[in-house]
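Notes to accompany the following structure.
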Amino acid sequence: MLLLSLPLLLNPFQMIAQVFMVVEVPHHCDTSWIRAVGPNLTEEEQLNLTLPRGADGEFEQCSMYSPVDWDLDSIMAYGLNDTQKCSSGWVYPSEPPPSLLTEFDLVCDRAVLNNVSQSIYMAGLLIGAMIFGILSDRIGRRPVLLICILIQSVFGLGIAFVPHFYVYTAFRCVVAAAVSGIMITVVSLATEWVGVSYRPKAVLIAHTAFAIGQMMVAGLSYGIRNWRLLEITGSAPMFALFFYIWVLPESARWLVTKGRIEEAKKPLELSSPQKPLSIPTGDGVLKLKPEQDVKSGSFLDLFRKKDLRKVTLIMLCVWFADSIVFYGLSLSVTNFGLDIYLTQLAFGAVELPARISCIFLLEWFGRKKVQGILLLLAGLMCLILTGIPEDQPTAITVLAIIGKLTATATFSTSYVYAAELFPTIVRQTGVGLCSTMARVAGILAPLIIPLDQYHRSIPMAIFGSIPVVVSLFCILLPETQGVDLADDTGKDQP
């Protein structure tokens, strides 16, 4: 379980770090054109002649006076009146460390590229969930995890050396696919390697590493302001996980469902304190099947049987709601009014109690109640935020942190719940499909945030209303607490 937690310790960097690479800094249009007629102008004189001022008396950041072919005396005598958008790029007077914003000019009309890039990253998560979920059920959990670690390592480090923002976005999409594959594979391995009573603990121990990783992102981003150096520091450690090739075992449960009984015995014997290990063939931990009875699962199996179809459709909605509120709050960290590094540190810190408390909540109250109530609370926190005045940043941040806590807890619950609801032969496919729906929400979240330009409450109203409605669907789900995992779709669902 500790080994499986290591990739999730590093994954938050890829998911969140861009927020700190595009921090807003003062800027204005590049108006060096006037130097051709007035080479001796001071910087202040140049700006006064070429930049309009806003209502607050400050220079406009996204507009300039249109260049003219007059001489300097005429410009100073009559002044310039016609304005236009920046045509020669931007200048950053404060000379901040290199960031995505300053290096690729993600300001004014180009600022939308930041949100588009985040949405494309989420699309990569979707692609990874679709591809690696199905692939893992076909070729195994271990090879898929190793492939994803390789992809994330190579392309993650490659991001630090890209020459253009569009290449950066493309590389991030590939990394996102690998991140998604790692997350769903780790959940399946953690679920399938332990008994009934340890399933929540196994999954949530790995998720706790994700929370610690979020706090590490805040520290790294605060200490390293050069975005390329930050990317190297956050991506390079993934190469160290190549030692998994020698130490990571395959899921014995998956091997059994594929009829590879002898292969399944080897990792089981390594984990057993007694040798030789007698693997039960009756109603014990594993029910071994002869080769001719082995079944293969497919995507369509999730919708063929009524009970499994109902579970699949509801869990798709639950994961969508989980993701929309989780990423909506995570990506809005710059909009809450307080220091973004402290806010992110708090966001990561509250995930620790959120994920650890789930271990006890799931054991005390069961999966269904916890899933529904936490989803409801996360939505309500966002809806309450819509009524808090903008001049109360502390209250807004506190409510956002509470919302992040409940959103984290409901997402963790969904991973445990989904892994228990889907049979082994389609578990990765089912969790991957749910993850795909979560990534659809993740794609939409960065595009919903800019709606605050029409009214500041619109994004939080959307992020809050969806989980409130979906929480009601949880009433229709079956309880899986203390129930043995189903191995194939032929077994009645719990």
Those cysteines in the chain that have no second cysteine Cβ within a distance under 4.7 Å are 148, 173, 317, 358, 382, 434, 474
Restricting to Cα pairs below 8 Å that are 6+ residues apart, what does the relative contact order work out to for the chain? Please round to a whole percent. 21
Specify the angular offset, from 0 to 90 degrees and rounded to the nearest 10, of the alpha carbon long axis of helix 306-330 from the longest principal axis of the alpha carbons in the chain. 30
Going by accessible area, probe 1.4 Å, with all protein chains left in place, what is the ranking of 474, 317, largest first? 317, 474
Tilt, helix 340-365 to longest principal axis of the chain (alpha-carbon atoms), in degrees rounded to tens, equals 20
Averaged per residue, what accessible surface does the chain expose to a 1.4 Å probe, in Å²? 42
Post the alpha-carbon centroid distance, segment 21-71 to segment 345-398, in whole angstrom. 46
Expressed as a whole percentage, what fraction of the accessible surface of the chain belongs to carbon and sulfur atoms when a 1.4 Å probe is rolled over the protein heavy atoms? 64
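Mind scanning 266/306; 306/369; 369/404; 201/266 and naming the pairs with a C-alpha gap bigger than 26 Å? Intermediate values should be presented prior to the final figure.
Working: 266/306 37 Å; 306/369 22 Å; 369/404 19 Å; 201/266 24 Å.
Cα-Cα > 26 Å for 266/306; rest within.
At 222 nm, what value in deg cm²/dmol follows for the chain if DSSP H runs of at least 4 each add -39500 (n - 2.57) and the sum is divided by all its residues, to the nearest 500?
Details: 20 runs with 307 residues, N = 494.
Calculated at 222 nm, the ellipticity per residue is -20500 deg cm²/dmol.
The values are calculated or read from the model by the stated rules, or taken from the named source; none is laboratory data. Keep in mind that what you see is a predicted model, and the values were worked out from it rather than measured. Cβ sites come from the backbone with ideal geometry, for glycine too, and all protein chains shown count toward neighbours. Heavy atoms of the whole protein, side chains included, go into the accessibility calculation; ligands, DNA and RNA do not. Shrake-Rupley method; radii C 1.70, N 1.55, O 1.52, S 1.80 Å.
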